[in-house]
Amino acid sequence: MAKIFIFQFCRGEVYPVRETDNSMDFSPKNIVSFYSTSEGFVAYRYPHSGSPFLSVMCEVLAERAFKDNLDDLFREVQRRYRVRGMGTTPEKQDLDFCKEFYFNPRLRK
């Protein structure tokens with residue numbers, strides 16, 4: 001089963017790595033995560049207008065989720081960020097997410 005995560009948080013703080021005795025007994029797969037900013041940078045959220053990342057992501061999903069796959073949707077989010085000069089760079093990370101994922105597969109016919 002596919003898992004999609006969308007995160008709106010800073011990625012600019014550095015915390016010490018702690019060793020634990022917990023080991024991962026499986027290899028994560030079928031997971032895709034979207035981040036509002038790249039590693040090492042802060043994420044913006046304004047008191048009155050909220051998060052530019054989530055605003056653009058929702059805008060793109062509302063306009064195009066019925067016809068575009070997940071990769072195309074995120075490319076459009078990145079394109080709008082560049083055109084609008086939003087300063088940060090949203091990032092996508094996938095762990096063996098090899099599917100062409102559509103939110104509404106029946107509607108695109």
Over segment 58-74, the set of residues part of a helix (DSSP H, G or I) and either over 16 Å from PHE7 (Cα atoms) or out of contact with any Phe, Trp or Tyr (no Cβ under 7 Å at 6 or more places or on another chain) (or both) is CYS58, GLU59, VAL60, LEU61, ALA62, GLU63, ARG64, ASP71, ASP72, LEU73
Pairing a residue in segment 57-71 that is more than 12 Å from PHE103 (Cβ to Cβ) with any residue that is modelled with pLDDT of 90 or more and assigned to a helix (DSSP H, G or I), where Cβ atoms lie under 8 Å and the two sit 6 or more apart in sequence or on different chains, gives MET57/VAL77; GLU59/ARG80
The residue that is surrounded by the fewest Cβ atoms within 10 Å (Cβ to Cβ), considering only those in segment 24-56 that are part of a loop (DSSP other than H, G, I, E, B), polar (S, T, N, Q) and touching a residue at least 40 places away in the same chain (Cβ under 8 Å), is SER27
Scanning segment 75-101 residue by residue, those hydroxyl-bearing (Ser, Thr, Tyr) and in a loop (DSSP other than H, G, I, E, B) turn out to be THR88, THR89
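The values are calculated or read from the model by the stated rules, or taken from the named source; none is laboratory data. What you see is a predicted model; the values in this text were computed from it and never measured. Here Cβ is always computed from backbone atoms with ideal geometry, including for glycine, and neighbour counts include all displayed protein chains.
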